[in-house]
Every structure is written in structure tokens, then in C-alpha cells.
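The values are calculated or read from the model by the stated rules, or taken from the named source; none is laboratory data. Source: prediction; values computed, not measured. Cβ placement follows ideal geometry from the backbone for every residue including glycine, while neighbour counts extend to all protein chains displayed. Please note that ligands, DNA and RNA were not included when accessible areas were found on the heavy atoms of the full protein model with its side chains. Shrake-Rupley method; radii C 1.70, N 1.55, O 1.52, S 1.80 Å.
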Amino acid sequence: MLGLMQDWPLTVDKILDHARLNYPRREIVTRSIETGGLSRTTYYNVWRRAQQVTNALQERGIGLGDRVATLAWNTERHLEVWYGAMGMGAVLHTLNPRLFPEQIAWIANHAEDKAIFFDITFTPIIAAIAAKLPNVKFFVALTDRDHLPKADIPNLIAYEDFIEGHTPEAKWGGFDENTAAGLCYTSGTTGDPKGVLYSHRSNVLHGMAANSVDCFGAGAADVVLPVVPMFHANAWAIAFVAPMIGSKLVMPGAKLDGQSVYELLEGEKVTFTAAVPTVWLMLLNYMQENNLKLSTLKRVAIGGSAVPERVLRAFEEDYGVEVIHAWGMTEMSPIGTIGKLLPDHHAMSHEEQIKTKLKQGRALFTVEMKIVDDEGVEKPHDGKAFGRLLVKGPAVARAYFKNAGAKNEKGECLEPDGFFDTGDVATLDELGVMQITDRAKDVIKSGGEWISSIDIENIAVGAEGVANAAVIGVAHPKWDERPLLIIEPKPGAAPTREQLLAFLEGKIAKWWMPDDVQIVEKIPLGATGKINKLALRETFKEYRLPSTQAAE
Ligand code: ADP
């Protein structure tokens, strides 16, 4: 027997429509790409202009399923193109400007993008690759005629001219909720980048899950600042969540440094914000150097890589801001777990709570999770046993675009039991709290046991004079691999090998102690702000540990 409720396809156009009808005057503030100043608009205006985008796209021959790309910061215009394309059933493809131009061209060609909207900051990238993009019919610079770049880009038009004269009367929705809505490529640290193709349904469901009370928990009274870019896995759903709930939205544009983010947090009275740890390290340094406080911020979501203890403590203990530690990945839309404490944790000491909050947390509703060994046999939930972390859910990828990396004859990227292998290694405890111990390819195998590089890094980054820390496995004749600690000092600081090792002592198991420490000027970061271990392994490929030399 079927239920007797209405048919209301879960398509994302309904989200902005809801904002237009219920929060028409709620503000969206953007740091202008052209001037660095602040511009202000409303959900009503964004809806209106997004409708114009749809009409303008359709007039130029863009239709259902066509890929429309953006190479853009978080701005009101990006949001308009986002909904203008998705609303009509085109696929909004976010290109990541932090990749190399050749990689961006490869991805745009693989996606067969028909149009690219770009911020003028990225004009040199577009000028360099435009001739290599045979499928792109036109380029739109996200600016007005006065700021239109004078570059050699064919079929180029300024955004304001592109939408001008188009009516705000486009038809949105009316298609199956499983229709593709967005496309985002993984950064391709292993092999070619792979396209994750979100559906309308997956975005709507994930947006609702991401805003559950124990996760973002934002409401109409909140002021939300997504520092995490829209090109990084849906801005962690915030581009859907904010219009769903009618919160004020603050878009940081191109300026993500500590001072600029601080100015927005205070100036716009932000209550909730989200970004990767590197952004928060910059903000905290800026605030500490200038002796500043936060007067309105209540919650900060941190994910993309593990939250360093010093960041957690600074926010919670020094500034009274609650940290929501989140784990996820592009393939999961992206949020999988949240680190909010359970009633069982409330009885624990503050130090125990901090330890728990440094873990990646428990599954969001819509996410199923398990850890297994190499044979696929489930490992116990005792907080100790490591295993490959597998996930399943309505906002988890089933296959990559064009069946890249397929694991079965249906073209799916799934294990035989239908779960997706995250590539992470984790533990799960009795309360369902998950802890990432490593990416499978970064885990250090020493004497048949696994050492978690992440754990050591998180502790080392708290040592005096340390700006960033990385741990990689280095070949060892007796133990297989041993950890090498690589340190990027803070400007002007010169921490020594002995100081760093003394700092770690007692905080990690003896056999986890790095065999050596190397100081580098800069630890390389990848396109999503994470430590680029591949590059580090390359740099240190000739390096031999002192313990190896001794063993020889
Ligand atoms: P990319 O592979 O493009 O860097 P993602 O941004 O999707 O893509 O990265 C997902 C990965 O980032 C996860 O599989 C995990 O290894 C890591 N990650 C994300 N959040 C956390 C976190 N809170 N703690 C530790 N690792 C994390």
C-alpha cells in the first residue's frame, strides 16, 4: 500500500523559491571582487537575477543536463549562477581555481562544459586555457562592462550584460528529483580527477541533514559566513542551507586572510562560520598578534582535515566559540560525521571532552558507516581496532561521472556490499564516535602495526614555534617504515629537533616517536588546503633516517 502524501520532488530550485517567499529581504553581503568593499543584496534579488541567468542560458542554447561551469569565489553572483543553472536542470560544475591550468582544462573537457562563468581574478587562467576548450560556447566574466578583462578570450561577455534585459520569469523544476544538479571533481591526488555528480534529491536531503541541530544547527536569526569555497564540495552544503532557513549570508569573495575574515566576522556580526583548519590558523594568529576578541561568533565548523588541538582549544577556551568538528569528502556531499558531544560525554572531565572533540565524531542521519579489514570483515567498535572506513547513504556517490574508477560491471565505485570505500582508515568506539587515523595511503606501517600520521601531526603542531607539521613514513630495513616528522617553523622561530621530540614524549606511544625531524621552509599544501604528502614523499625520497644508517 502506498502512502497518500503529495508528490513534491526534492529539487533545489524550491530552496531559493522558499527564501524568496519567506525571507525576501534577508541580506546577502559580498566582499566585492572588483573593489574589496562590501556589496549588499537580498534573497529576493538573488532569486530574481538567478531567473534572469536561466533565461540568458536558455537563449544561448543551454538545456537540461548541459554542464555550466564556474571558476569563482563565494559571491552573490556565484550564487545566482548556481541556482540559475540548477533551477532549469542544467548541471552546475564548480571548477577549482587552485588546480594547475592544465588540470582545470582537463577537467572542463572531461565534463564537456558548455559555458564558463569566472571571476576576474582568474582571467589569466581562462586566457591560458580558452583555446583548449572546444566545447565551451561562451565565457562570462562575473563583473560589469567597466571591469570586463581585456584578455584574448573568445565569446566573452560581462555578467551584467549577459543577464540584462532578461525577465525574471523562468520555469524552474518540473523534472525528476534524481536529475543531476551539480558536478565537483575530486582533487585527483591519486590518478586523474573524478567527477562527483550530485542530484537535486541528494543536495536537498544532505542540506537538511547538515543543518540538523547537532551539526550546523543554524536558523533564521543566524548570520552565516561560508569561508569554505563553493568549489570545495558544495561549500559544505551552506549554499543550500542558508536559503532554506533564511539566515543572513556573508560571502568572503577573494579575501580569506586572517584580517579580512576577522573584519567580516565582527563587522557583519557573524554567528556561524565554516572552513578548513588552515583558514582558522591564519585567523587565530591574526587575532593573537593584535590582541582581538570575537563578540558575536557562536559556532565554527571545521573539517577537510583534522582539527589541530591548538585550534580547538583557542576557539573554545580563549574565545568561547563552540567548535563543530566535521569529517566528510566530496563523494559524501560532503559531510559524514560531526563531533558534537553526547550526554555520555558530558560527565567526563574537560580534558576527556577535548580528546573526544578531536575525534571526527558520529554519523549524521543519512550516513551509514562501518570499519572493515582487507577481507571486508567488520572490525569491533572498541575505539582501538583500525579498519577501512566504508559508507552508504542517499548523498554518497554510487558512481563517478562517465564511470571513472568503476569497481563493477555496472560502472559503480562501490564494494560488493554496496558501500563506498572512503580511502580513510578509522576506529569506531562504543558510542559510535569515529576517529580517522589516516588516509589509507598515508598510514605508516611499522613492524606490522599501523602508526597514525595525523595523531602525531596534531600534537606536533601545538609545539612552540611550529606553524605546520607533517609526518610521513620512510623506508626502514628492520621495521618496514618509520615516521619522519617534518616541521615548518613560525616566522622568526627556530624549534630544534630535541625540543620537538621532547614535546612529543609522553603524548604518544614510544614506538610512534618519529625517528627524525626535518625543518622545511614551507610544507606544501594541495588544492584543497591539505598537506600534500605526495610532494613531501617526493622531496624526501632520497632521505635516509639516522636509524637506517645505524642499522646498515
Ligand atoms: P580531496 O581528495 O579532493 O582532497 P576531499 O576534500 O573530499 O577531497 O577530502 C576528503 C578527505 O579529507 C577525507 O577522506 C579525509 O581523508 C580528509 N578529511 C576530511 N575531513 C577530515 C577531518 N575532520 N579529519 C581528518 N581528515 C579529514
On the Cα set of the range 64-128, report Rg and Dmax in Å, please.
11.3, 31
When the accessible area of the chain is computed with all protein chains present and a 1.4 Å probe, what percentage of it is carbon and sulfur?
52 percent
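Take the alpha carbon gyration tensor of the range 343-461, find the square roots of its eigenvalues, order them as a ≥ b ≥ c, and report rounded if a/c is under 1.5; if not, report prolate when a/b exceeds b/c, else oblate.
prolate
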For the range 292-405, the Kirkwood Rh over every pair of distinct alpha carbons, in Å, works out to 16.0 Å
Around V46, with a cut-off of 14 angstrom between Cβ atoms, what is the net charge of the other residues, counting Lys and Arg +1 and Asp and Glu -1?
+3
Determine the calculated [θ] at 222 nm for the chain from helices alone, applying -39500 (n - 2.57) to every DSSP H run no shorter than 4 residues and normalising by the residue count; nearest 500 deg cm²/dmol.
-7500 deg cm²/dmol
May I ask for the Rg/Rh ratio of the chain, computed from Cα atoms with Rh as the Kirkwood radius, given to two decimals?
0.97
Accessible-area order (highest first, 1.4 angstrom probe) of the listed residues L484, L358:
L358, L484
Zone of H346's modelled label, taken as backbone nitrogen in the range 205-244 under 19 Å from a point 7 Å along Cα→Cβ
213-217
Across 10 Å bins from 0, what is the distribution of all Cα-Cα pair distances for the range 128-285, in whole percents?
9, 25, 36, 27, 4
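Calculated FRET efficiency, D146 and N403, Cβ-Cβ r, R0 56 Å, to nearest 0.05?
0.80
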Determine one quarter of the surface area of the Cα convex hull of the range 248-322, which equals its mean projected area, and express it in nm² to one decimal.
4.6 nm²
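I want to verify the translational diffusion coefficient of the range 454-541 in µm²/s; compute it with Stokes-Einstein, Rh as the Kirkwood radius over Cα pairs, at 10 °C and 1.306 mPa s.
Value of D from the Cα-based Kirkwood radius: 120 µm²/s.
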List the pairs from K359/K490; K445/K533; K248/K340; K340/K441; K355/K384 whose alpha-carbon separation is above 22 Å, in the order I gave them.
K359/K490; K248/K340; K340/K441
³J(HN,Hα) across the range 325-335 via Karplus (A = 6.51, B = -1.76, C = 1.60, θ = phi - 60°), whole Hz, x for Gly/Pro?
7, 10, 10, x, 7, 3, 5, 10, 6, x, 7
What does the charge count around I324 come to, taking other residues whose C-beta lies under 14 Å from its C-beta (Lys +1, Arg +1, Asp -1, Glu -1)?
+2
Let me check the size of the range 287-337 from its C-alpha atoms; what are the radius of gyration and Dmax in Å?
12.8, 40
Divide the volume of the convex hull of the Cα atoms of the range 1-157 by its number of residues and quote the answer in cubic angstrom per residue.
138 Å³
Gyration tensor on Cα atoms of the range 374-529, a ≥ b ≥ c root eigenvalues, a/c under 1.5 rounded, else prolate if a/b beats b/c, else oblate, says prolate
Taking a 1.4 Å probe, which of W47, W8, W479 shows the most accessible area, and what order do the others take after it?
W8, W479, W47
Accessible area per residue for the chain in Å², computed with a 1.4 Å probe and the full protein assembly in place, what is it?
42 Å²
C-alpha center-to-center spacing [the range 293-331, the range 244-288] in angstrom:
12 Å
